[in-house]
Amino acid sequence: MGMSRLDEGNYKSASEYLSKAAELGDATAHYNLSVMYREGEGVEKDEKKELRHLEEAAIIGHPFARHILGVTEQRKGRRNRAVKHWMIAAKLGEDDSLENVKMAYRCGLVSKEDLASALRAYQAAIDATKSPQRDEVEAACKGLGLGSRFLSNS
């Protein structure tokens, strides 16, 4: 319901529904609340609440939230912490994080063994999401001009 309200632009109602879902441990609700607090949509802008919801989403297993935490750490100059977040997100199947891990390897921040581990886990995560039904929906979304992120938890 919160996502429907968000899509409608009813941010106040969306924040109420998403807050309830977040209290129940929904990772996507936490992630969307973090975006709302960052943008000030339906709620007052609040960096602390944004980060809290982003961290909760990542802890629960939201791959893109984990990726964004890595980006946040990188912007603060904490490359090693950023790489740790990207390693976790890549192992959950997050594309951008895998690319960042590869770049970190080229820069000497990731060992060959860690890169290999991330690549294997990434592939396993991608393989786990494959199904004929998902392929049909993905093809339909592409036909409608919707990106692959539309289908992910991110």
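Using the Stokes-Einstein relation with a Kirkwood hydrodynamic radius computed over Cα pairs, the translational diffusion coefficient of the stretch 1-153 at 25 °C and a viscosity of 0.890 mPa s comes to 148 µm²/s.
Evaluated with a Cβ-only charge set (Lys, Arg +1; Asp, Glu -1), the chain carries a dipole of roughly 680 debye about its Cα centre, given to the nearest 20.
Relative to the longest principal Cα axis of the chain, at what angle does helix 112-128 sit, 0 to 90 degrees, rounded to 10? The angle comes out near 40 degrees.
Under 8 Å for C-alpha pairs, at least 6 residues apart: give me the relative contact order for the chain, rounded to a whole percent.
14 percent
Computed from backbone phi, the HN-Hα couplings of the stretch 8-25 come to 6, x, 8, 5, 4, 5, 4, 5, 5, 5, 5, 4, 5, 5, 5, 4, 8, x Hz, rounded to whole numbers (Karplus: 6.51 cos²θ - 1.76 cosθ + 1.60, θ = phi - 60°; Gly and Pro given as x). Over all orientations, the stretch 11-89 has a Cα convex hull whose mean projected area works out to 4.6 square nanometres. Once the C-beta distance of GLU55 and ALA139 is scaled by a Förster radius of 30 Å, the resulting FRET efficiency is 0.30 to the nearest 0.05.
Taking the Cβ-Cβ separation of SER13 and SER117 as r and a Förster radius of 41 Å, what is the calculated FRET efficiency to the nearest 0.05? That pair, SER13 with SER117, gives E of 0.45.
When the trypsin sites (Lys or Arg not before Pro) in the stretch 54-154 are filtered for DSSP coil states and for at most 16 other beta-carbon atoms within 10 Å of their beta-carbon, the remaining sites are LYS76, ARG78, LYS130. Got a sec? Charge dipole of the chain, +1 on Cβ for Lys and Arg, -1 for Asp and Glu; which of SER19, TYR37, GLN133 is way out at the positive end? Of the candidates, TYR37 comes out farthest on the positive side. The angle between the Cα long axis of helix 47-60 and the longest principal axis of the Cα atoms of the chain comes to about 60 degrees, rounded to the nearest 10. Summed over the residues of the chain and divided among them, the accessible surface reaches 62 Å² per residue at a probe radius of 1.4 Å.
Against the chain, whose longest principal axis is taken from its Cα atoms, helix 79-91 shows a tilt of about 80°.
The values are calculated or read from the model by the stated rules, or taken from the named source; none is laboratory data. This structure is a prediction, so every number in the text was calculated from the model and none was measured. All Cβ positions, even for glycine, are placed from backbone atoms using ideal geometry, and neighbour counts span all protein chains on display. Accessible surface areas use protein heavy atoms only, side chains included; no ligands, DNA or RNA. Shrake-Rupley method; radii C 1.70, N 1.55, O 1.52, S 1.80 Å.
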